[in-house]
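Colleague: So that we are looking at the same thing, I have put the structure below in structure tokens.
Derivation of every value follows stated rules applied to the coordinates shown; laboratory data play no part. Here the structure is a predicted model, which means the values were calculated and not measured. Note that each Cβ is placed from the backbone with ideal geometry, even for glycine, and that neighbours are counted across all protein chains shown.
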Amino acid sequence: MCALCALFIRWIPSQAGYERVLGVSVYLYLSTNPNWLGHKWSFLKLQKSNPRLLQRVYIAQMEHVTHLNTDHFNWDQGRWPNFSAAEMACRHCGQTYVWPEFMDRLQQARKTVGRPFQIFSAHRCALHNARVGGAPLSQHLKLAVDIGLYGHNPPLLHRACRDAGFRGFGFYQTFIHVDLGRTRFWYGNIKAKKIWQTY
């Protein structure tokens, strides 16, 4: 039984159980719906009304996400000379998720661009992801990066990341999100879409 199913069953007889079951049901619907972003307002309303519930659900969800911590994997500074374990760790608690394949691709993109990458966000712990309004199954729960655009040629940066093998792209006004999830792309808002479509 997955962690979420166990959590669902465990909460039914508890105090305010119906509310909690409803909350988990909404979470499951939003996290599995391909048009999740279209329901983001409903999710944010739930997050505002019962943030503790969502934090517990995120934590339960993370129980079945396999991650590698630097306690068990030595950061290879020679392999990824332009990045550090600290900048790839969660900004909230320092939790790490070391994914060699991801880092190899990021290093390749960095080498192609030839300029430093400013990492706005990389791995996020479940609690931090909930607090910043991240998607329930965000790639940041494993490893994704938001790279600042300042000092870069945005189309060149995008092309370098794509050629390095990244598949997921989020285009924002001040940064680009890249990950190794399924092939997809999105724009942060209308202004970001207009900016990126001018390139």
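Colleague: Restrict the check to segment 149-164 and report whether at least one residue is without any contact (Cβ under 8 Å) to a residue 12 or more places away in the chain, in a loop (DSSP other than H, G, I, E, B) and under 30 Å from Gly78 (Cβ atoms).
Modeller: yes
Colleague: Any residue in segment 138-146 that is more than 27 Å from Gln95 (Cα to Cα) and either charged (D, E, K, R) or surrounded by fewer than 17 Cβ atoms within 10 Å (Cβ to Cβ) (or both)?
Modeller: No, segment 138-146 has no match at all.
Colleague: Looking at segment 171-192 only, could you name the residues that are out of contact with any helix residue (DSSP H, G or I) (no Cβ under 9 Å at 6 or more places or on another chain) and assigned to a strand (DSSP E or B)?
Modeller: Phe175, Arg184, Phe185
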